[in-house]
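Trainee: Would you mind keeping the following structure in view while I ask a few things?
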Amino acid sequence: MFVEHSLHRLFSPAILITILSRCVCIKSLHKIHALLIVNGLEEHEPVVKGAVDSYLSFGNPCPAVSASLSVKKPTLLFQNLVHRSFSNQGYHAHLLSLYAAWQHSGHRRSDNFTFPVVIKACAARSAIRTGNEVHCAVIRTGYGGCLVVQTALVDFYSKIGILEYARKLFDRITKRDLVSWNALISGYSLNGRNQEALQAFREMILAEYKPNGSTFVSVIPLCTRLRDRGLGGSLHSFAFKCGVFADDALIPTLISMHAAFGDLATARTLFENREVKDLVSWNSMISAYSQNGKPCDALEIFQLMHGEGERPDYFTMVSVISSCCDLFDISCGKSVHSIAIKVGLADKISVLTSLLSMYAKSKKLQAAEHLFLSVPEKNLLLCNSMLSGYLLNGLLDMVLSTFQDMIIHRVHPDPISIISILSACGMSGFLHLGKSLHAYSIRSGFHTNINLLNALLAFYSDCDEFHCTLKLFNVMQDRNVVSWNTIICGWAGTGNSQSAVDAFRKMGEEDVKFDLITMISILPNFYKPENIALGKSFHAMAMKSGFDSDTTLRNALISMYTNCGSLEDCHTLFESLAFRSTISWNALLTGYRKFKPPNELMKLFDQMQEDGQHLNMVTLLNLFPSCETLIQGKSIHAFAIRNFHNLETSIYTSAMCMYSRFQNIESCCRLFSMMDKRNAVSWNTIMSIYAHREHSKVFPFFKEMLDFQVSPDTVTMLNLVSACSQLGTLVLAQCVHSFIIHKGFGSGTTLINSLIDVYGRTGSIITTKKLFDELQEKDLISWSTIINVYAMHGDGEAAIGLFIEMQATGIRPDDITFVSILSACSHAGLVEEGRRFFKKMVEKYHITPRMEHYACLIDLLSRSGHLSEAFDLVRKLPFRPSVDLLESLLGACHFHGDSKVAEEVRKLLLEFHPGPSSYVILSNIYSAGERWEDSGRLRCDMRAKAMRKVPGTSFTGIG
C-alpha cells in the first residue's frame, strides 16, 4: 500500500528507478510496472530500463522484452543499454528476439556498441544465419573496420566452427589487440585444433603481446589433450612469470591440467596457496582427486568446503557422489544425498542420476528405484542410469522391462541405452532381440557409433554367432583396440589360434596399438607345446610395452606356459611374483595336473596351504582329476565339504567323474541325488557316466529329465548319440535324430558330427553322406569323421576324394585325420597312396607319427605282401612296437607264407611280448611251408615253457 501511495504522489523518474531497484519480490514489481503504464511512464527510457533490469534480476526475461518494446521510438543509446542488460544476464535468445523486433519495426540504427553484443549472442546460441545477417549489416553500415566488432566476428566464427573464415577476418585486422588474439586461440582450442592453437599462441608471443589469464585458460588444456607434460610445466612457469595468477579462472585450469598428469601434489599446492577460494577452485580440486582414484581426498576437500560455508553446485555434487561410489561407502553416500536435498540440488537430473548410480553400485536397488520412480517425466539420462544399475546387479529381466517402458513413454534410446540392452541380451542369449536392436541402431543412424558397434561384436560372440561377429567386423569403417580385442578373443573361443595371431598382425598393420586386454585375450591361444615359441614372443612384447607388471597378465602367462608344457619357465615366472594370488597357484596346479605325476600335484597343493592361500573351487577342480586312489578322492571330497558351505555344480560333477574312474557308480548316484535336478548339467553328467558304461541306462535318465521339465541342451543330445553309437542300434539313433530336429538342435556342427559317426557305425552310408553334405559349416572333425566312415566300410577311393576336397577348402588336417585316411588306404589296399599320405603327413604338415599311424601303414604293407618293407618300418620305430602290431605282421607272414620275415618278427615278439600266440602263429607258418621239424621244435618249446594257447570261443548255438 505504501509503494502504491508513493507512486500516486511522486512521479520523479529518479525516485521511480530507485523504487524499481529495491523491489523484493516479483509480485511487487508487476504492480509497480502496472502503475507506470497507468501513469503514462511506459515510454520513459530510464524508467523502462530500470524495470527491465529488475525483471532480469528476478529471472523473468519475457516481461523485460515486453517492457523494452513498449518504448515507441527507442533511442540507440537505450537499445544498446537494454542489449547489454540482457547479455550480462545471459539471456541471449531474448536479446536476439528483441534486436530482430527493433530491426523489423524500422529502428535499424546500430553502432559499434550494438554489434559486439548482438554478435556475442549469436555465438552463444550458434545462430549462424542471424550472425551472417548481422555481419552483412556491419559491412553495410561501415563498422567493419572497428576492432571491437572485428574481434566479436572472429569469436563468432570460431565458436560456430568456421575457423578458416575466422582466420581470414583475423588476418584483416590491422591493429590487433590481446582480445582479438585470445578470440582466435580460444576458437582453435574449443574446436580441437590443438596444433593450430599453439601456432597462434607462438605468433602472438612473437608479435610481442603479453598473454593474460584468458590466454592461458585457452592454451593450457591443449597440454592435456596432447599429453605433453613438459609443455604444461613450461606454460605454468610462463603464466607465473607473466603475473597472471590473480585471474580467477587460471588456477582451476592449472589444477585440472596437473591432475590429468597425475601430479596431485602440485595441484594441491596451487589450491592451498589461493587465499580466496571460489567455487570453481573447490570443484577443480574435488574433481582432480575423484578422477585420479583418490575418493578419500576428494571427500576431505568437500568437507573443508562445507565447513567454510561454500555452497556446492551440481558439478560439486556429481564429483563427490562419484567418490562415494568408488569407496563403496553407502553411509557416506547417504550423507552427501542429504546435503544435496538441503541445498536444493537433489532434483537436478545430473545429481539425481549420480545418486541413482551410486545406490545401484552399492546393491541398494530399492533406493535407486525409489529415486527413479520419483521423477514423473523420465528423460534419457535417467533411464540409461537405471538400465546400467539393473545390468550391474544381474537383473536382466528388469533391464528389458525398463527398455520396454522407455519405448512406451517415447523416451527414444540412444547408443548408450542400446549398449546396456545388448549386454543383457548377450548374457541371456536373446539372439532375436539383439538382432532387432541391431536393425534399430541402423535405422536410427547409430551404425557409425564405434562403442555401439563394439557392443554388437561382443553380443554376437556371446550368443555363439561368431560368423556374424566377423561379418560385422569386416564392414566396420573404423575399428579401435576394443574391436580387435573382441575378434581376437572370439577366435580364441573357437580354438582357432592361427586366426587369432593373424588378427593381431592385421591390427598392427592398421596402426592400432594393442593394450593389456589384447595380451590377456591372445595368450589362451597358445596351449600346445608347439606354440611355446610364439607364446614367448608375446611375453617379450608385453615386457617391452610395460604390461608384464600387471598381476592378471602374469597369471595369464603362467597359464600359457603350463598349457604348453614349459613348467620350468612357468616356475621362473611364478617365483618372480611379488604377490602370489590363489589364481597364480591354480594356474600352476593346472600345469602340474597336465604334465606332472599326481603325487607332485598333491605336494604343490600342500605348499599352497602352507603359503596361507585361500582355496577356491578351481583348486578343487584341479585336485579331483589327479586322485590316484579312491581313498584319496574321498579325502578331497571330504575336504571340500568341510571347507565350503555351498558346493557349486562343477564340484559335484567333478567328484562324480572321479568316482566314475574308480567304478564307484553308487557314489556317483548318491551325489547326483544331492544335486539340483532343475539344472541340465546334473543330468548331463550322470548320463555321460552311463554312456561310457551301461549304455542302455542313459535313456531312462533322459526320460526322467524330461519328467522334471528340464530342457535338454546340446550336451544332452551328444550323450544320447554317444549311447546310440555304443549300442549300435540304427532305429534308436533315428529316434534321437528326430528329437534333435524337433527341438531345434539340428544346426550345431558338433552334434551333426556325432550323428555322422553313429550313422556310419550302424552302416547307413546314404544318411551319413546326406548329413555331411547338408552341414553348413564343416570343421576338421566333420571331415575326419566322414573320411573315417568310408575307411571303416572299405571305400578307400571315396575317402581319398574327401581328403583332397577337404584340403581344397583350406582346412588343415591333423594327426587324427591322417589316422582315418591311412586306415582307408589299408582297408582298400592302396599301397602307393598310403605311402604318399604318410610322407605328406611328416614332410608337409610336420606331424610326428604316433603308434596308430605306423600301425596303419604297417598293416597296409603287410596286407599287400610288402612284408620286408613292413618289417624294416617296425625295426625303425621310435618306440617299442605293440603286441597287436607284431602279431598282425606275423599273421600276414602266415597268410603270404613268408617264414623268413616271420622268424624275425617272432624274435621281436619273444623279446618284447613273450606269449603263446606268437609261437602258435609261427608254428602254423612252418607247417604251411612243410617245415615240420621247425614246427615241432616250437611246439616242444611251448611245452617246456608250460605255454598253453587259450582256446577260442563262439556264441553260435548258445541258447
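Trainee: What number, in percent, do you get for the relative contact order of the range 377-466 if the mean sequence gap of Cα pairs under 8 Å and at least 6 apart is divided by its residue count? Can you show the working numbers first?
Mentor: Working: 83 pairs, mean separation 25.0, N = 90.
Once normalised by length, the contact order is 28 percent.
Trainee: Excluding residues on the same chain fewer than 8 positions from residue 677, give the lysines whose Cα lies under 21 Å from its Cα.
Mentor: Correct list for residue 677: 697, 703, 743.
Trainee: What is the ratio of the Cα radius of gyration of the chain to 2.2 N^0.38 Å, with N the residue count, to two decimals?
Mentor: Values: Rg = 42.0 Å, N = 959, 2.2 N^0.38 = 29.9 Å.
The value comes to 1.41.
Trainee: Taking the Cα atoms only, what angle lies between the long axis of helix 497-509 and the longest principal axis of the chain, rounded to 10 degrees?
Mentor: 30
Trainee: How far, in nm, would the chain grow between residue 670 and residue 480 when pulled straight, counting 0.36 nm per residue and subtracting the alpha carbon separation? Mind dumping the intermediate values first?
Mentor: On the way: separation 190, 0.36 × 190 = 68.40 nm, distance 5.21 nm.
That works out to 63.2 nm of additional length.
Trainee: Taking the Cα centre of the chain as origin, sum charge times position over the Cβ atoms of Lys and Arg (+1) and Asp and Glu (-1), and report the length of that vector in debye to the nearest 20.
Mentor: Numbers: 91 positive and 88 negative charges, 309 e Å.
Here the chain has a charge dipole of around 1480 debye.
Trainee: Label residue 109 and residue 265 with points 7 Å out from Cα along Cα→Cβ: what is the distance between them in nm?
Mentor: Using points 7 Å along Cα→Cβ, the separation is 6.4 nm.
Trainee: Next question. What FRET efficiency comes out for residue 579 versus residue 638 if R0 is 30 angstrom and r is the Cβ-Cβ distance? Round to the nearest 0.05.
Mentor: Numbers: r = 31 Å, r/R0 = 1.02.
The pair residue 579/residue 638 has a calculated efficiency of 0.45.
Trainee: Would you work out which of 296, 56, 358 lies farthest towards the positive end of the dipole of the chain? Charges go on Cβ: Lys and Arg +1, Asp and Glu -1.
Mentor: It is 56.
Trainee: Order these peptides, 752-764, 186-198, by their mean beta-carbon neighbour count within 10 angstrom, highest first.
Mentor: On the way: 752-764: 22.4, 186-198: 18.7.
In descending order of packing, they fall as 752-764, 186-198.
Trainee: Would you compute, from DSSP H runs of 4+ residues alone, the mean residue ellipticity of the chain at 222 nm, taking -39500 (n - 2.57) per run and dividing by the full residue count, rounded to the nearest 500?
Mentor: Working: 57 runs with 695 residues, N = 959.
So the calculated ellipticity at 222 nm is -22500 deg cm²/dmol.
Trainee: Which of the chymotrypsin sites (Phe, Trp or Tyr not before Pro) found in the range 562-647 are loop residues per DSSP with 14 or fewer other Cβ atoms within 10 Å of their Cβ?
Mentor: Numbers: sites: 574, 579, 585, 592, 595, 605, 639, 644; in loops: 579, 644.
Sparse-neighbourhood loop chymotrypsin sites (Phe, Trp or Tyr not before Pro): 579, 644.
Trainee: Now for a separate question. What is the Cα centroid distance between the range 560-626 and the range 742-800, reported in whole angstrom?
Mentor: Here the answer is 40 Å between Cα centres.
Trainee: Next up: What is the local net charge at residue 777, summed over the other residues whose Cβ is closer than 12 Å to its Cβ (Lys, Arg +1; Asp, Glu -1)? Don't jump to the answer; show the numbers that get you there.
Mentor: On the way: positive: 778; negative: 464, 465, 774, 779.
Taking every other residue near residue 777 into account, the sum is -3.
Trainee: What's the ranking of 471-478, 295-302 by average number of surrounding C-beta atoms within 10 Å, highest first?
Mentor: 295-302, 471-478
Trainee: Please determine, in degrees from 0 to 90 and to the nearest 10, the orientation of helix 330-342 with respect to the longest principal axis defined by the Cα atoms of the chain, where the helix direction is its Cα long axis.
Mentor: For helix 330-342, the angle is close to 20 degrees.
Trainee: Would you please give the FRET efficiency between residue 506 and residue 846, computed as 1/(1 + (r/R0)^6) with r the Cβ-Cβ distance and R0 = 22 Å, to the nearest 0.05?
Mentor: Numbers: r = 25 Å, r/R0 = 1.13.
E(calc), rounded to 0.05, equals 0.30.
Trainee: Along the Cα→Cβ direction, 7 angstrom out, place labels at residue 714 and residue 397. What is the inter-label distance in nm?
Mentor: About 2.7 nm, to one decimal.
Trainee: Could you check the simple spin-label distance between residue 545 and residue 440, using points 7 Å along Cα→Cβ, in nm with one decimal?
Mentor: 3.5
Trainee: For the chain, take the longest principal axis of its alpha carbons; what is the angle in degrees between that and the long axis of helix 899-912, to the nearest 10 within 0 to 90?
Mentor: 60
Bear in mind these aren't lab numbers, they're just calculated from the coordinates by the rules spelled out. Bear in mind that the values here come from a model prediction, so they are computed numbers and not experimental data. Glycine also receives a Cβ, built like all others from the backbone with ideal geometry; neighbour counts cover every protein chain displayed.
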